[in-house]
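Student: Questions regarding the structure given below will be posed in turn.
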Amino acid sequence: MYVRKRRRPVSEINVVPYIDVMLVLLIIFMVTAPLISQGVKVDLPKASANPIEQEDTPPLIASVDVQGNYYLNVGDDQQVLEADELAALVQAQLQKEPNTPVVVKGDGAVAYNEVIQLMVVLQKAGVPSVGLMTDPVEPD
C-alpha cells in the first residue's frame, strides 16, 4: 500500500519580486526628481529675522516699480534698465566680485509676477541667492 505524505503549505512570502519593483521605482524617482523642481529658489526671511549685516562690498539692489521698470542700484547710482541689460550688469559685477550680495526691492503695489520675473532674470545672470528687502513693521 502506498502512503501519501501530506505536504504542509508554505507560509513564507517571497519578497524578491517586491525588492526588484522597489529598486526600479527608486531609480525612476531619482531620475525624475530633478526634472520636477521648477521655480526660483529664495530664502524667505523669518518674521523675527535680524537685519543683514553690511559687508565690505555694497549690495546690488535690483528694483521693480509699479510700471514694471527694472532698476539696478549700485551704491547711490540708479538707472532704468531692460531685463537683458540688468542681467549683463549683474553678471559683470559678480565676475568682478563674486561675494557681492544681491537684494530684490519691489514696490508694495507690484504684482507678484513682476517680482518673480525679476528674480528669474537674476537667476539667469548667475546669482546664487537673492535677499528680499522689506520695511520693518511699525508697532501700533
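Student: Could you compute how fast the range 60-132 diffuses translationally, taking Rh as the Kirkwood radius over C-alpha pairs and applying Stokes-Einstein at 20 °C with viscosity 1.002 mPa s? Give it in µm² per second.
Tutor: Answer, rounded: 178 µm²/s.
Student: Among residues other than V64 whose Cβ falls under 12 Å from its Cβ, what is the net charge (Lys/Arg +1, Asp/Glu -1)?
Tutor: Numbers: positive: K105; negative: D65, D107, E114.
Net of charged neighbours comes to -2.
Student: What does the highest-first list of 20-28, 119-127, 65-73 look like by mean Cβ count within 10 Å? Could the numbers behind the result be given before it?
Tutor: Working: 20-28: 10.1, 119-127: 18.6, 65-73: 14.7.
Averaged packing, sorted descending, gives the order 119-127, 65-73, 20-28.
Student: For A125, which sequence-distant residues (separation of 5 or more, or a different chain) have an amide H within less than 5 Å of its own amide H, given hydrogens modelled in the peptide plane?
Tutor: Counting only residues 5 or more places away or on other chains, the set is empty.
Student: Step through the residues of the range 59-64 one at a time and calculate ³J(HN,Hα) from phi using the Karplus curve (6.51 cos²θ - 1.76 cosθ + 1.60, θ = phi - 60°), rounding each to whole Hz and writing x for Gly and Pro.
Tutor: x, 7, 10, 9, 10, 9
Student: I've got another one for you. Considering amide H positions built from the backbone, and no H for Pro or chain starts, which residues 5 or more places from G131, or on another chain, come under 5 Å of its amide H?
Tutor: Under 5 Å from the amide H of G131 lie the amide H atoms of V102, V103, V104, each far enough along the sequence or on another chain.
Read-outs throughout are calculated quantities, based only on the coordinates presented, and are distinct from any laboratory measurement. Note that this is a predicted model, so its numbers are computed, not measured. We place every Cβ from the backbone using ideal geometry, glycine too, and count neighbours over all the protein chains shown.
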